[in-house]
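Asker: Structure incoming, see below.
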Amino acid sequence: MTTDKPIILIIGTPDDPPSVDMQKRIEARGGRTAMFDTTRFPVETRLTYTPDSPVKGYFQESASSTKIPLTEIRSVYRRWSKGINAPYEPDPVLSEIVYWNIESAIGSFCRNLDCLWVNTAEATDMHRYKGYQLKILQAAGIRIPKTLITNDPDEVIHFYETMGKNVIYKPVRGWAHTERLTDEHLTSDRLETLAKSPIKLQELIPGQDHRVYLVKDEIFAMAIQSGTLDFRENSHAPRVKTKLPDVAASECLRVAELLNLVFTGIDVRRTPDGEYVFFEANPTPVFLFDEQATGFPIGERLVDILMKGH
């Protein structure tokens, strides 16, 4: 079935509030949506595509839903994926083959479909390798904290002392709050755990946390008054609208360009002397609370570009 209404594909899950919120906003504006929950492929979801340009084929959420021609998909909102839920296969070798076969089918689709991606697979995957993201920013002259990733206890101690003991630590990939490194962390028993899991150390940057959302070239900046080392520890910390200095705003736009991000939430800290230090750029930020707290039309601007397809 062909229609003039744009079709926006959401890579997300029905239990993820931002995925559902975006779906509702798009449909309220007259758009059509489909949700690609990767854990339902291939058992429930059907996907067929060619390597042509434009790609030919269709997407079908379930056996009872309408087949959507891929040529009718105007844009994709790549919000959240819980990965792959491969069908059970008792043979371990075949099980691994099945898993990687599914992963390749999804990964190729995400790189073959010709439309606007918010954000692309490559840009989204970059967030998994935060150390590499920091390298790209530093090489471009963006100020980042001094950083060390290691599983060597001696290097941890050396970095800690070199930084005057002003050091924070966090998992390399994230998923945990930032904590300050102290002498109590440097016992033999605790340092031995590095053999099981490497750690990311960074210099402690004093100052005011900011979250900066970019939707293409539109900037929504807010100061976060958390009073904690990691503002995520205070989920209800006041968000105050702010205007970035021209230099900082230009650097935020440059960060998005360097990392090929159409939409992002950038974490920065303004030091007491007015310098802006960049920590990371999230390609799938949860913006609902920040939008409500500030009144910034982040989601509506996101819907604008998804429905336009550019």
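The values are calculated or read from the model by the stated rules, or taken from the named source; none is laboratory data. Please read these numbers as outputs of a predicted model, since none were measured by experiment. Every residue, glycine among them, receives a Cβ derived from its backbone with ideal geometry; neighbour counts consider all protein chains shown.
Asker: Does D125 satisfy the criteria of being surrounded by fewer than 17 Cβ atoms within 10 Å (Cβ to Cβ), more than 16 Å from the chain's Cα centre (by Cα), on the phi < 0 side of the Ramachandran plot and of a type in the set (D, E)? Steps first, answer last, please.
Answerer: Details: surrounded by fewer than 17 Cβ atoms within 10 Å (Cβ to Cβ): yes; more than 16 Å from the chain's Cα centre (by Cα): no; on the phi < 0 side of the Ramachandran plot: yes; of a type in the set (D, E): yes.
It is false that D125 is surrounded by fewer than 17 Cβ atoms within 10 Å (Cβ to Cβ), more than 16 Å from the chain's Cα centre (by Cα), on the phi < 0 side of the Ramachandran plot and of a type in the set (D, E).
Conditions (1) in the same structural domain as F279 (by TED's automatic domain parsing); (2) over 25 Å from N282 (Cβ atoms); (3) in contact (Cβ under 8 Å) with a residue 12 or more places away in the chain, marked per residue:
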residue	(1), (2), (3)
D154	no, yes, no
I157	no, yes, yes
E161	no, yes, no
R173	no, no, yes
H177	no, no, yes
H185	no, yes, yes
D189	no, yes, no
T193	no, yes, no
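Asker: Here is a follow-up. Filter segment 54-83 down to the residues that are in contact (Cβ under 8 Å) with a residue 24 or more places away in the chain and hydrophobic (A, V, I, L, M, F, W, C) and list them by number.
Answerer: V55, F59, I68, L70, I73, V76, W80
Asker: Return the residue satisfying two criteria in turn: it lies in segment 186-233 and is out of contact with any helix residue (DSSP H, G or I) (no Cβ under 7 Å at 6 or more places or on another chain), hydrophobic (A, V, I, L, M, F, W, C) and farther than 28 Å from V156 by Cα, and of such residues it is modelled with the lowest pLDDT.
Answerer: Here the answer is A223.
Asker: Sticking with this structure for a sec: Failed condition for D209, given (1) of a type outside the set (A, V, I, L, M); (2) surrounded by fewer than 20 Cβ atoms within 10 Å (Cβ to Cβ); (3) in contact with a strand residue (DSSP E or B) (Cβ under 8 Å, 6 or more places away or on another chain); (4) farther than 30 Å from L70 by Cα, with all others met?
Answerer: For D209, the failing item is (2).
Asker: Going through segment 69-107 one residue at a time, which ones are in contact with a Phe, Trp or Tyr (Cβ under 8 Å, 6 or more places away or on another chain), under 30 Å from M307 (Cβ atoms) and at pLDDT 95 or above?
Answerer: Residues satisfying the conditions are P69, L70, I73, S75, V76, R78, A105, I106.
Asker: Working only within segment 256-302, note down all residues that are under 26 Å from Q23 (Cβ atoms) and assigned to a strand (DSSP E or B).
Answerer: At the first step, the residues of segment 256-302 found to be under 26 Å from Q23 (Cβ atoms) are 256, 259-266, 281-302.
F263, T264, G265, I266, A281, N282, listed by residue number.
Asker: Ok, one more. Could you please give the count of residues in segment 141-158 that are exposed (fewer than 13 other Cβ atoms within 10 Å of the Cβ) and in a loop (DSSP other than H, G, I, E, B)?
Answerer: The total comes to 1.
Asker: Let me ask you something else. Quick check on I136: is it surrounded by 12 or more Cβ atoms within 10 Å (Cβ to Cβ), closer than 20 Å to F278 by Cβ and either without any contact (Cβ under 8 Å) to a residue 12 or more places away in the chain or touching a Lys or Arg at 6+ places or on another chain (Cβ under 6 Å) (or both)? Spell out how you get there, then give the answer.
Answerer: Numbers: surrounded by 12 or more Cβ atoms within 10 Å (Cβ to Cβ): yes; closer than 20 Å to F278 by Cβ: yes; either without any contact (Cβ under 8 Å) to a residue 12 or more places away in the chain or touching a Lys or Arg at 6+ places or on another chain (Cβ under 6 Å) (or both): no.
The answer is no for I136.
Asker: Would you check which residues across segment 66-94 are within 21 Å of the chain's Cα centre (by Cα), of a type in the set (A, V, I, L, M) and over 15 Å from D37 (Cβ atoms) and list them?
Answerer: none
Asker: Can you name the condition, by its number, that F231 falls short on among (1) touching a residue at least 60 places away in the same chain (Cβ under 8 Å); (2) of a type in the set (A, V, I, L, M, F, W, C); (3) within 25 Å of K170 (Cβ to Cβ); (4) out of contact with any Phe, Trp or Tyr (no Cβ under 8 Å at 6 or more places or on another chain)?
Answerer: In the conditions (1) touching a residue at least 60 places away in the same chain (Cβ under 8 Å); (2) of a type in the set (A, V, I, L, M, F, W, C); (3) within 25 Å of K170 (Cβ to Cβ); (4) out of contact with any Phe, Trp or Tyr (no Cβ under 8 Å at 6 or more places or on another chain), F231 misses (1) alone.
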